[in-house]
Amino acid sequence: MDSATQTLQHRISVKLWPPGQSTRLMLVERMTKNFITPSFISRKYGLLSKEEAEEDAKKIEEVAFAAANQHYEKQPDGDGSSAVQVYAKESSRLMLAVLKRGPRIQEDEEVATTADKGAATLANMFDISGGRRAFISGEEAEEVLKPLKVPGNLYTRICFSNRSFGLEAAHVTEPILLSIKDQLTEVDLSDFVAGRSESEALEVMNIFSSALEGCNLRYLNLSNNALGEKGVRAFGKLLKTQNNLEELYLINDGISEEAARAVCELIPSTEKLKVLHFHNNMTGDEGAVAIAEMVKRSTVLEDFRCSSTRVGLEGGVALANALGSCKHLRKLDLRDNMFGVEAGIALSRSLFAFADLTEAYLSYLNLEDEGAEALANALKECAPSLEVLDMAGNDITAKGASSLAACISAKQFLTKLNLSENELKDEGAILIAKAIEVGHGHLNEVDLSINAIRIAGARLLAQAVVDKPGFKSLNINGNYISDEGIDEVKDIFKGLPNVLGNLDENDPDGELDEDAKEEDEDTDNEDELESKLKGLEIKHEE
């Protein structure tokens with residue numbers, strides 16, 4: 001093995017066990033936040049108090065540390081990566097047990113059983129969205145909505161999605177909504193005027209809006225209604241009275257520049273807003289500037305989705321700057337826009353505010369190496385609990401892979417990594433493989449398809465993930481792997497037939513220029529290839 005390879009391995013081989021006290025405290029803090037943050041599990045089993053969460057988190061960390069330390073003592077000469085996996089896996093297992101246990105039941109308290117809680121949740125929900133998508137007549141509405149007319153009903157959440165209301169059905173529904181609006185907290189009117197003419201749809205929206213005016217909602221879904229500015233303003237009476245919204249969904253609604261401004265104008269307060277989704281609209285730069293004003297005022301925002309909205313450089317910079325106010329952000333989805341390098345750099349400056357970020361979807365943003373490196377460097381310093389990193393389709397080359405690899409190696413809670421449709425080639429793929437081979441006990445999905453990767457990169461990627469507990473999917477399709485390399489990779493996964501994705505779109509010949517062809521001849525010898533990686537290194541914190 002030559003000196004370059006030894007140097008590279010030395011830089012990446014870090015003594016991972018035991019963790020420092022700051023790392024242990026960070027894990028306790030992360031678990032505590034998970035225990036006291038509302039989620040689907042807490043809705044079912046109950047939310048822990050801060051005191052109980054801290055107590056449970058400390059106990060879990062101590063038990064997990066003891067188990068991992070015992071494991072490490074059996075192989076003290078190792079780098080500690082397997083002990084880290086035990087530490088993370090045991091912590092996750094015990095966390096899930098506590099979440100499903102819910103708050104402890106005091107002996108002198110009467111509390112509902114889990115079954116009773118589930119029944120109560122179902123009793124509060126009125127949902128007619130099941131079955132095939134269809135028009136609903138006035139007569140059918142009269143029959144279907146009967147439960148809402150029962151005096152003293154406990155419905156606080158209604159879902160009329162997937163049923164198309166015309167004027168007749170709307171007039172039947174109006175007095176029913178008026179009678180229950182004071183008890184409603186969640187309203188789903190997504191896809192409820194499909195197939196209607198514009199004039200009828202707008203009138204139906206006005207009827208529903210007037211009937212619900214003044215209700216105190218925490219959740220409102222108006223998605224899939226082709227609203228545009230006219231539709232947004234048709235819901236004006238409802239929107240103007242919402243001061244306590246926590247979740248707002250305007251997906252696939254034709255939210256143009258004018259519609260975005262109308263949303264920003266009509267909603268009086270976003271101080272409590274935690275979820276805001278604008279996916280698949282035609283917002284553009286000016287619309288994004290309007291949304292940015294709304295985002296800037298949403299200081300407790302946890303989940304922001306503005307993907308596939310035709311946002312370019314100007315709008316991207318505006319959104320990036322506004323997001324700097326959202327210090328509680330946990331999920332960020334900006335996929336499929338036209339941000340470009342400068343917007344990526346602007347976003348990197350805001351990322352430092354996101355200590356709780358767990359999911360980052362930043363694919364197809366035209367970031368190139370410079371933008372990707374800026375984001376990777378920022379993510380490396382923040383978001384210690386990052387679980388999902390998606391930076392596909394950004395024209396990232398081996399040059400940008402070094403910063404990405406350094407970021408990835410620091411994210412030990414990562415579960416999903418998507419770097420598909422870039423230009424990493426073998427040099428970049430090897431750096432990514434080295435970054436994920438140590439620790440990363442939670443990692444279960446890696447996608448480096450369509451990256452001009454050949455046998456050396458494919459081999460190391462396969463070796464890096466094959467032994468990870470619970471690993472589910474490696475996608476390296478659409479690359480330039482030789483037939484020999486495909487056989488070798490398949491052999492690595494011979495005991496795990498469902499983990500390696502299809503390789504039916506792989507091109508063993510590849511479309512390469514003369515220089516690349518010469519380089520490819522060298523890649524058949526892994527030692528020669530790795531000798532070319534002398535200038536590519538993963539920088540680790542001391």
Of the options Ala83, Ile408, Gly501, report the single residue whose Cα projects farthest towards the positive end of the charge dipole of the chain (beta-carbon charges: Lys, Arg +1; Asp, Glu -1).
Ala83
Given a Förster distance of 22 Å, report the FRET efficiency between Glu286 and Glu198 from their Cβ-Cβ distance, rounded to the nearest 0.05.
0.40
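Can you pull out the GluC sites (Glu not before Pro) in the stretch 150-237 whose DSSP state is coil and whose Cβ has at most 11 other Cβ atoms within 10 Å?
Details: sites: Glu168, Glu186, Glu198, Glu200, Glu203, Glu213, Glu229; in loops: Glu213.
Answer by residue number: there is no such site.
Tell me, what is the per residue accessible area of the chain in Å², probe radius 1.4 Å? Write out the running numbers ahead of the final one.
On the way: 24390 Å² over 542 residues.
Averaged over the residues of the chain, the accessible area is 45 Å².
With a ≥ b ≥ c taken as the square roots of the eigenvalues of the C-alpha gyration tensor of the stretch 302-456, please select rounded if a/c is under 1.5 and otherwise prolate if a/b is larger than b/c or oblate if it is not?
On the way: a/c = 1.89, a/b = 1.30, b/c = 1.45.
Note, shape of the stretch 302-456 comes out oblate.
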Between Glu247 and residues 5 or more places away or on another chain, the pairs with built amide H atoms under 5 Å apart involve Tyr219, Leu220, Lys274, Val275
For the chain, which whole-number percentage of the solvent-accessible area (1.4 Å probe, protein heavy atoms only) is attributable to carbon and sulfur atoms?
48 percent
In whole Hz, the Karplus estimates of ³J(HN,Hα) for the stretch 218-227 (6.51, -1.76, 1.60; θ = phi - 60°; x where Gly or Pro) are 9, 9, 9, 10, 10, 5, 6, 10, 6, 5
How far apart, in nm, are two points set 7 Å out from the Cα along the Cα-to-Cβ line at Thr37 and at Ser473?
2.3 nm
Could you tell me the calculated FRET efficiency between Glu293 and Thr23, based on Cβ-Cβ distance and R0 = 41 angstrom, to the nearest 0.05?
0.60
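Excluding the sites themselves, what is the longest stretch of the chain that contains no trypsin sites (Lys or Arg not before Pro) in a DSSP loop with at most 10 other C-beta atoms within 10 Å?
The reported range is 133-493.
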Using θ = phi - 60° and the Karplus form 6.51 cos²θ - 1.76 cosθ + 1.60, what ³J(HN,Hα) does each residue of the stretch 90-96 get, whole Hz, x for Gly and Pro?
5, 4, 5, 4, 6, 4, 4
Classify the chain as rounded, prolate or oblate from the Cα gyration tensor: take a ≥ b ≥ c as the square roots of its eigenvalues, call it rounded if a/c is under 1.5, otherwise prolate when a/b beats b/c and oblate if not.
prolate
Per the C-alpha gyration tensor (a ≥ b ≥ c, the square roots of its eigenvalues), the stretch 406-513 is rounded if a/c is under 1.5, else prolate if a/b beats b/c, else oblate; here it's oblate
Taking +1 at the Cβ of each Lys and Arg and -1 at the Cβ of each Asp and Glu, which of Leu16, Gly130, Ile455 sits farthest along the dipole of the chain towards its positive end, judged by Cα position relative to the Cα centre?
Gly130
Subtract the Cα-Cα distance of Ala355 and Glu52 from 0.36 nm times their separation in residues, and report this length gain in nm to one decimal.
106.8 nm
Put +1 on the Cβ of every Lys and Arg and -1 on every Asp and Glu Cβ in the chain; which of Leu329, Ser210, Gly236 then has its Cα farthest towards the positive end of the dipole?
Ser210
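How big is the charge dipole of the chain about its Cα centre, in debye rounded to the nearest 20, if each Lys and Arg gets +1 on its Cβ and each Asp and Glu gets -1 on its Cβ?
Numbers: 58 positive and 94 negative charges, 589 e Å.
The calculation lands at about 2820 debye.
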Net +/- balance of residues flanking Glu200 in space, Cβ distance below 14 Å, scoring K and R +1, D and E -1
-1
For Thr241, other-chain or 5+-apart residues with amide H closer than 5 Å (H placed, Pro excluded) are Gly214
Can you give me the angle between helix 398-410 and the longest principal axis of the chain, using Cα atoms only, in degrees from 0 to 90, rounded to the nearest 10?
70 degrees
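The values are calculated or read from the model by the stated rules, or taken from the named source; none is laboratory data. The model shown is predicted, which means the values in this text are computed figures rather than measured ones. As a convention, Cβ positions derive from the backbone with ideal geometry for all residues, glycine included, and neighbour counts pool all protein chains shown. Areas reflect the complete protein model, heavy atoms only, side chains present, ligands, DNA and RNA absent. Shrake-Rupley method; radii C 1.70, N 1.55, O 1.52, S 1.80 Å.
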